[in-house]
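The values are calculated or read from the model by the stated rules, or taken from the named source; none is laboratory data. On a predicted model such as this, the values are computed, not experimentally measured, just so you know. Because the Cβ atoms are built from the backbone with ideal geometry, glycine has one as well, and the counts that use them run over all protein chains shown.
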Amino acid sequence: MSDGRAYDARGIGVTRRYFLGQCAGLGVGAMALSDLLGRSGSVQASLQPGMIPAAARLAPKAKRVIFLTQSGGPSQIELFDHKPGLEKWAGRELPESVRQGQRLTTMTANQKQLVMPSRTRFERCGQSGATIGEWMPHLKEVADELCFIKSMTTHEINHAPAMTHFLTGNQIPGRPSMGGWISYGLGSENKDLPDFLVLLSKMRRPTDQPLYDHYWGSGFLPSRYQGVKLRNSGDPVLYLKDPEGMQRGMRRLMLDGITELNSLRHAVTGDPEITTRIQQYEMAYRMQSSIPGLTDLSDEPESTFELYGPDARRPGSYAANCILARRLAERNVRFIQLFHPDWDHHSRLSSWCVARCRDTDQASAALILDLKQRGLLDDTLVLWGGEFGRGVAGQGKWDSPEGGRDHHPRCFSMWLAGGGIKPGVTWGETDDFSYNVARDPVHVNDLHATVLHLLGIDHSQFTYRFQGLDFRLTGVEESKVVKAILA
């Protein structure tokens with residue numbers, strides 16, 4: 001045409017914006033799908049490259065992460081942070097010089113802050129001399145493999161915002177989870193399983209503590225980077241089996257047709273969610289073979305169940321999920337996250353907390369031993385911890401079996417192992433009341449920076465542009481890698 005206007009294939013005039021959008025969409029579509037589409041037009045099982053910019057690349061020490069997430073706030077005072085001097089303060093009011101006007105929840109704001117000493121006896125374990133409470137006897141056996149951080153700190157005092165910050169770097173839902181960021185940055189080493197898998201414990205009794213989907217969500221990243229949750233009872237993934245009468249070949253032809261339609265639509269719009277849809281359909285197809293083999297523990301020897309404890313044969317238990325975590329690590333899944341809830345011991349601390357330790361102690365220690373004997377611990381980073389700790393004041397009557405502890409974000413403990421972490425060390429220190437960090441604070445965002453560093457990512461250079469801003473897992477405030485705990 002000679003009138004200077006742009007026309008489409010039908011000879012219909014289009015705007016410059018539409019024309020450029022169509023060209024850009026076609027270009028993006030061609031690039032995005034070129035490695036997915038084979039000669040038959042179906043998506044191939046190709047590994048996905050990561051998205052780490054060159055400036056953010058470091059030499060990695062870990063290939064994958066297993067995050068043993070203890071939801072509810074385990075009590076550092078009973079488990080790891082030994083404070084023998086609390087005995088002389090038993091039943092006395094916490095000094096204002098220690099409390100310093102710190103915020104309390106509505107559950108204890110109107111009661112006196114009377115000191116409740118630890119309900120456990122502690123022991124120095126291994127050559128490292130790490131202090132571990134009596135409720136975790138099996139963890140004592142692997143103390144020299146662990147690195148304890150006793151100076152963790154966060155801002156949020158309630159569960160949902162604190163756990164959201166613990167897992168996404170920000171208390172407001174809608175940001176990508178750490179697993180999503182890592183999946184996005186590093187890509188996959190397994191063509192038959194998702195990069196990021198989530199396992200939830202099946203509790204013996206109901207718990208009223210929710211585990212929200214955004215804890216493992218992709219936020220503003222493409223949705224293919226969100227965690228895939230395996231169900232803890234029944235089929236691990238819904239609708240994984242073909243419908244009755246549906247032959248495998250027919251399923252393949254149907255997916256090929258859907259892929260072709262989605263590819264045509266992607267060429268028009270350039271919408272990255274269409275690429276995600278194509279990839280996820282194909283992943284679901286491959287998972288029909290990979291998931292049953294993963295979750296069937298019948299090929300595990302008796303010695304495995306003896307190692308992980310009596311609960312290991314119960315499907316969905318924390319112990320069974322730890323076995324699955326090891327099997328996923330063997331299959332090079334990038335980020336494996338276990339959630340064990342019900343650590344929120346506002347009352348009956350001596351029975352409630354003991355029960356959660358019984359659920360998790362042997363299996364957590366077994367996972368470390370199992371990974372080590374299989375040669376996987378060196379490049380698998382294991383983390384254990386919750387969103388905050390517990391306060392030194394008793395909730396309710398401090399000297400009663402019904403006494404518990406309230407939330408405490410100012411300081412808490414967690415441990416790490418493998419994947420470039422220095423074993424047999426303790427980092428950080430709290431005051432005599434386990435109330436404030438006295439030395440070497442490690443903010444939650446510092447933990448994120450350290451995990452990324454071990455995986456070969458410079459957190460300060462690892463960004464994703466969304467709504468005109470360059471977002472990071474570690475946020476806008478300065479975060480630091482805890483180099484003292486690196487091997």
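Quick notes
- Tabulated pairs, the range 215-235, first free of Cβ contacts under 8 Å to residues at least 60 places away in the same chain and within 23 Å of residue 327 (Cβ to Cβ), second in a loop (DSSP other than H, G, I, E, B) and among the polar types (S, T, N, Q), C-beta under 6 angstrom, 6+ apart or interchain: 225/218; 226/218
- Here residue 172 fits the description: closer than 19 Å to residue 475 by Cα, surrounded by fewer than 16 Cβ atoms within 10 Å (Cβ to Cβ) and hydrophobic (A, V, I, L, M, F, W, C).
- Restricting attention to the range 386-431 and to residues that are over 21 Å from residue 361 (Cβ atoms) and of a type in the set (Ser, Thr, Tyr), the residue that is surrounded by the fewest Cβ atoms within 10 Å (Cβ to Cβ) turns out to be 400.
- Total residues in the range 93-119, condition under 13 Å from residue 434 (Cα atoms), touching a helix residue (DSSP H, G or I) at 6+ places or on another chain (Cβ under 7 Å) and in contact (Cβ under 8 Å) with a residue 40 or more places away in the chain: 2
- Of 342, 359, all but one fail to be within 25 Å of residue 213 (Cβ to Cβ), touching a residue at least 40 places away in the same chain (Cβ under 8 Å), touching a Ser or Thr at 6+ places or on another chain (Cβ under 8 Å) and not in a helix (DSSP H, G or I); the exception is 342.
- Qualifying residue in the range 246-257 (condition: farther than 23 Å from residue 317 by Cα and either within 31 Å of the chain's Cα centre (by Cα) or of a type in the set (S, T, N, Q) (or both)): yes
- Residue within the range 378-385 that is modelled with pLDDT under 95 and either under 15 Å from residue 487 (Cα atoms) or surrounded by fewer than 24 Cβ atoms within 10 Å (Cβ to Cβ) (or both) present: no
- Of all residue pairs spaced 6 or more apart or on separate chains, those with beta-carbon atoms under 7 Å, a first member in the range 140-160 that is without any contact (Cβ under 8 Å) to a residue 40 or more places away in the chain and a second member that is part of a strand (DSSP E or B) are 140/123; 140/125; 140/132.
- Among the residues of the range 174-217, just one is out of contact with any Lys or Arg (no Cβ under 7 Å at 6 or more places or on another chain), within 19 Å of residue 453 (Cβ to Cβ) and of a type in the set (S, T, N, Q), namely 177.
- Hey, residue 131 modelled with pLDDT of 95 or more, in contact with a His (Cβ under 7 Å, 6 or more places away or on another chain) and hydroxyl-bearing (Ser, Thr, Tyr) or not: yes
- Filter result for residue 293 (exposed (fewer than 13 other Cβ atoms within 10 Å of the Cβ), part of a helix (DSSP H, G or I) and within 28 Å of the chain's Cα centre (by Cα)): yes
- Residues located in the range 428-456, provided they are part of a loop (DSSP other than H, G, I, E, B), over 20 Å from residue 66 (Cα atoms) and not polar (S, T, N, Q): 428, 431, 432, 433, 435, 440, 441
- Extreme residue, surrounded by the fewest Cβ atoms within 10 Å (Cβ to Cβ), among residues of the range 328-371 that are among the charged types (D, E, K, R) and in contact with a helix residue (DSSP H, G or I) (Cβ under 8 Å, 6 or more places away or on another chain): 331
- Per-region count, the range 142-160, residues closer than 21 Å to residue 485 by Cβ and in contact with a Leu (Cβ under 9 Å, 6 or more places away or on another chain): 7
- Just one residue in the set 86, 79 is at pLDDT 95 or above and surrounded by fewer than 22 Cβ atoms within 10 Å (Cβ to Cβ); that residue is 86.
- Taken over the range 457-487, the residue count meeting the criterion of being in a loop (DSSP other than H, G, I, E, B) and of a type in the set (A, V, I, L, M, F, W, C) is 6.
Here is a yes/no grid of residues against (1) within 23 Å of residue 135 (Cβ to Cβ); (2) of a type outside the set (S, T, N, Q); (3) part of a helix (DSSP H, G or I):
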{"site": "244", "(1), (2), (3)": "no, yes, no"}
{"site": "252", "(1), (2), (3)": "no, yes, yes"}
{"site": "259", "(1), (2), (3)": "no, no, yes"}
{"site": "262", "(1), (2), (3)": "no, no, yes"}
{"site": "265", "(1), (2), (3)": "no, yes, yes"}
{"site": "273", "(1), (2), (3)": "no, yes, yes"}
{"site": "306", "(1), (2), (3)": "yes, yes, yes"}
{"site": "311", "(1), (2), (3)": "yes, yes, yes"}
{"site": "320", "(1), (2), (3)": "yes, yes, yes"}
